[in-house]
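See below for the structure under consideration.
No value in this document is a laboratory result; all are computed from the given coordinates. All values derive from a computational prediction rather than experimental measurement. Note that we place each Cβ from the backbone using ideal geometry, even for glycine, and neighbour counts take in every protein chain shown.
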Amino acid sequence: MFSVSALDDNETDDHQAGGKARQRIEALWSNPLNAAEIVRIEHVLWSPSDDRFEAWLRQRHLRTLAEACLNGVHAVATDISEGDLIVDVFDDQDGPLIVISENAPGGVGQIEAFVQSTMSSEGSFERAFRHALEYCAQTDDSENLIAAVANVRNNGALKDVFDVSRLARGYRQTLSAQEILASTLDEVGLGASRRNVVAVVGRLLQPSHSNITDAWFNGLNRLWRNREENLGGPIDARVFAYLMVDSSSVRRRFSAMIAHMTGQPPSEAQLFARTQDFLLPTCHDSCPHCLRNSNRFASTIRPSRELSLRWLSASESHDSTLEVAPGWIGHLRELLKQKDRVDIIGRTEEELDEIGRGLQVLLTEPFERDYVLVWPIVNGVSRNSIGWRIRVEIRHMGVS
């Protein structure tokens, strides 16, 4: 049975492959041009950053903020179409300036519509801006799919549902299987939205898929994320796919699985392509699903959500989490006297009911914070395979 540990087994053929890889690396090092380039890159990596690097980081940070602001405007004023607005960044001795302007000559009032929407819903733009920096639909889809495969591999509620879906024949059986799939996805905390159901059916329940492909999905993606975590940075899907195909033990097992699916042994190019198909990409910086450089007249610098979140974290208070336990309401009040946002974690339906009863009292009574009366509000509710997350935030204030 395939698992991550199977990829890490130190088998004889892996040692042989490692020896050949060492020979190739030593051959590359023997070339003086390659060695000189590696030494130059190493010097740049370990030397103190210069002004050009700092300027590049600043430009990338400002471009990220600009695109997040534009996304926030579109989220608040939903009647504004993409392309109607353009965002520019000006950075001179007076400081940075982000300018959002209308694309059409003379304008047709989109900026005024955004201002009116913001004034009628206090804090909506700030929430939309933060959401643009924190959320990527592609990453969310990938995490849900990985969680679904993990549930199957751990003999969870989705295992039998996957078996039923793969055995379904005809319209009625397929429709019934999808309804069961949607309800079970909601039951395990992955959500029953059309987007989630389509992603699971399209990536995990194709006609040729089985529990063997589930094992490969689970093992490859877990190993990929494990290697990225150890490295401290993202690994391109093409690079990781090449490393997997280059391993003789993985290549042999993966080839056998593909041959069983298709009825013929795959070529090297097919192996490489199929390995990438099994990988579920996440977004470390930006992608067309979240932030992109929408101004074609601006620089080619890509936005980076990770960079801006790290940059902004130095000047804002970090969110706190609180789990339901005896006395949690009092603990929540104490946290809100110091933090602007607190996430309450509820793992069961009983805990969720208790959170609802507690918040009914908390949200109707202001309390004093630094000689000012503050009113907590619920800023958002989300759910994953672990449980519910309810974000409570300090927003409105009045003089005590």
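Quick notes on this structure:
- Crossing angle, helix 349-362 versus the chain [Cα axis fit, 0-90 degrees, rounded to tens]: 20 degrees
- Where labels lie 7 Å past Cα in the beta-carbon direction, separation of Arg172 and Leu312 in nm: 5.3 nm
- Under 5 Å between amide hydrogens, built in the peptide plane, is the criterion, and for Trp375 it picks out Arg395, His396 among residues at least 5 positions away or on other chains.
- Förster radius 22 Å - calculated FRET efficiency between Val239 and Arg40, Cβ distance, rounded to 0.05: 0.55
- Mean shadow area of the chain over all directions, Cα convex hull, nm²: 28.1 nm²
- Residue among Met261, Met244, Met119 with the largest mean-square fluctuation in a Gaussian network model of the chain, springs linking Cα atoms under 10 Å: Met119
- Sequence ranges 216-228, 288-300, 37-49, ranked by mean other-Cβ count within 10 angstrom, highest first: 216-228, 288-300, 37-49
- Given their separation in residues at 0.36 nm each and the Cα-Cα distance between them, Ser267 and Met119 gain 47.2 nm when the chain is fully extended.
- Working from label points 7 Å from Cα in the Cα-to-Cβ sense, the Arg194 to Asp370 distance is 4.6 nm.
- Kirkwood Rh in Å, taken over region 71-123 so that all alpha-carbon pairs contribute: 12.1 Å
- FRET efficiency for Glu354 and Leu33, using Cβ-Cβ distance with R0 set to 51 Å, rounded to 0.05: 0.15
- A Förster radius of 22 Å, combined with the Cβ-Cβ distance separating Glu126 from Asp88, puts the computed FRET efficiency at roughly 0.55.
- Couplings 3J(HN,Hα) of region 51-66, computed from phi: 5, 5, 5, 4, 5, 5, 4, 5, 5, 5, 5, 5, 5, 5, 4, 5 Hz, in residue order, whole Hz [Karplus 6.51 cos²θ - 1.76 cosθ + 1.60, θ = phi - 60°; x for Gly and Pro].
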